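The values are calculated or read from the model by the stated rules, or taken from the named source; none is laboratory data. Remember, predicted model here, so these are calculated numbers, not experimental data. We place every Cβ from the backbone using ideal geometry, glycine too, and count neighbours over all the protein chains shown. Keep in mind that these areas ignore ligands, DNA and RNA; they rest on the heavy atoms of the full protein, side chains included. Shrake-Rupley method; radii C 1.70, N 1.55, O 1.52, S 1.80 Å.
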Amino acid sequence: MKRKIYFFVCVLSQLIFLLNLFGQPSKVYYSQYHELNRNIYRCDLDGSNEITLITTDIRPKAIAIDGESVPKQIYIGLVPTSGIGKIIRYNIDGTNPVDVVTNVTGVNDIELDLVHRKIYWLKNTYSNDGVFKADMDSTNAGIEQIYSNTSVNVDLWGLALDVNSEKLWITERGGTYNSSYVKRMTFSGGAVTVIMNPSYNPHDIEYYNEKLYLGDLNGISRINSDGTGSVTLLGNQDVDGLAIDTANKKIYWIDYMLNRVNMCNIDGADFTIISSGHSSLNKVDIDNNPTVLSAESILFPTHFELAQNYPNPFNPSTKISWQSPVGSWQTLKVYDVLGNEVATLVNEYKPAGNYEVEFNLPAGRQGTSSINHHPSSGIYIYQLKAGDFIQTKKMVIIK
């Protein structure tokens with residue numbers, strides 16, 4: 001009976017997740033960066049049924065939608081006229097506000113890594129700018145600055161992520177045409193590379209299907225991820241916030257001069273105004289972005305299971321796989337027979353799905369793992385913890 005109940009709960013949670021991701025009509029969300037009218041608006045994809053979803057105490061600027069959580073959630077960067085702001089999270093219906101980062105200034109753009117459950121944002125103060133990241137699901141957890149620019153009159157404006165390659169792009173606006181850039185770096189802030197210079201007053205940037213979509217004072221252009229092959233999709237537009245509706249192949253953006261939310265096809269055709277009449281519009285996002293999810297996270301397992309590592313025995317590496325029917329904070333650790341921890345292979349939130357990590361000797365798996373000493377030949381234990389689920393298995397190292 002317990003097994004049947006557990007199976008039913010797992011299947012039900014998967015159905016709720018799929019309904020949340022694919023079964024509900026998508027919406028467009030946009031922020032009003034105004035001292036008196038501090039609103040987040042929501043409408044249908046065609047601009048109909050617009051409502052004022054949230055009114056904040058501090059001016060809302062950057063926004064980003066977590067379409068994977070149940071319920072879906074919206075992250076908002078609050079930027080006061082002066083002083084300290086914060087990043088706050090609401091349920092997608094505007095309820096249950098929760099602080100994510102409480103001591104921030106000049107949050108100019110936000111992007112979400114839904115695989116590793118990280119939030120990235122730009123700090124824009126015109127003299128001490130930076131790129132930061134933190135844990136999405138906690139308050140003031142895992143905060144890290146990965147990029148800094150202290151040049152006067154240079155502001156960081158747009159941010160884009162490619163979760164699969166763990167690369168990000170930023171737009172950096174200088175005082176002149178020749179001092180404006182599009183730069184690429186890793187998720188840790190390494191390998192910073194200028195991929196476009198000069199760039200004409202670049203604003204927001206988005207990544208989709210191995211291409212970058214760039215909005216500036218000339219309109220919207222599409223470029224390769226290395227900055228080559230620029231193609232103008234739509235000219236004569238003052239583009240600020242950009243969002244890609246990957247399901248319907250649409251681009252949404254803010255015309256900050258005309259205070260409008262606009263839409264066109266992914267190739268720039270069929271320009272449409274979907275909202276007008278609100279002053280000081282700033283950023284826009286869509287609550288449907290399935291491209292950030294791996295295929296494994298869509299093919300849900302029905303139960304927890306930790307597989308036997310392969311090969312076993314091994315030297316110098318082996319692979320460990322497991323499956324999870326629900327999202328949870330998960331740890332995967334290796335111990336010797338005396339119970340001493342040898343390595344941490346996983347320590348993060350993971351959605352429902354199938355996973356695999358590689359355990360290498362002697363340096364450990366690249367990424368989150370850390371080996372505490374050099375294991376000798378013998379029997380070792382690896383253990384998966386996911387919520388209340390705990391399972392252990394043995395493996396053998398030979399040298």
Can you tell me which residue within region 308-338, out of those that are without any contact (Cβ under 8 Å) to a residue 24 or more places away in the chain and assigned to a loop (DSSP other than H, G, I, E, B), is farthest from the chain's Cα centre (by Cα)?
Leu338
Which residue is farthest from Val182 (Cα to Cα), if the candidates are limited to region 208-257 and must be part of a strand (DSSP E or B), hydroxyl-bearing (Ser, Thr, Tyr) and open to solvent by less than 30 Å² (accessible area, probe 1.4 Å)?
Tyr252
Which members of region 181-207 meet the condition of being under 25 Å from Ile266 (Cβ atoms), hydroxyl-bearing (Ser, Thr, Tyr) and outside any strand (DSSP E or B)?
Ser199, Tyr200
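Matching residues to (1) of a type in the set (Ser, Thr, Tyr); (2) within 23 Å of Ser179 (Cβ to Cβ):
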{"position": "Tyr90", "(1), (2)": "yes, no"}
{"position": "Leu112", "(1), (2)": "no, no"}
{"position": "Lys133", "(1), (2)": "no, no"}
{"position": "Asp155", "(1), (2)": "no, yes"}
{"position": "Leu161", "(1), (2)": "no, no"}
If you check every pair at least six apart or on different chains, which have Cβ atoms under 9 Å apart with a residue in region 114-128 that is under 14 Å from Asn164 (Cβ atoms) first and a residue that is of a type in the set (Val, Ile, Thr) and surrounded by 19 or more Cβ atoms within 10 Å (Cβ to Cβ) second?
Leu114/Val163; Leu114/Val292; Val115/Val163; Val115/Val292; His116/Val163
Could you pull out the residue among Val346, Val357 that is β-branched (Val, Ile, Thr), assigned to a strand (DSSP E or B), out of contact with any Lys or Arg (no Cβ under 7 Å at 6 or more places or on another chain) and modelled with pLDDT of 85 or more?
Val346
Picked from region 195-207 (must be in contact (Cβ under 8 Å) with a residue 24 or more places away in the chain and surrounded by fewer than 19 Cβ atoms within 10 Å (Cβ to Cβ)), the residue farthest from the chain's Cα centre (by Cα) is Asn201
Within region 121-141, restricting to residues that are open to solvent by 50 Å² or more (accessible area, probe 1.4 Å) and of a type outside the set (S, T, N, Q), the one that is modelled with the lowest pLDDT is Tyr126
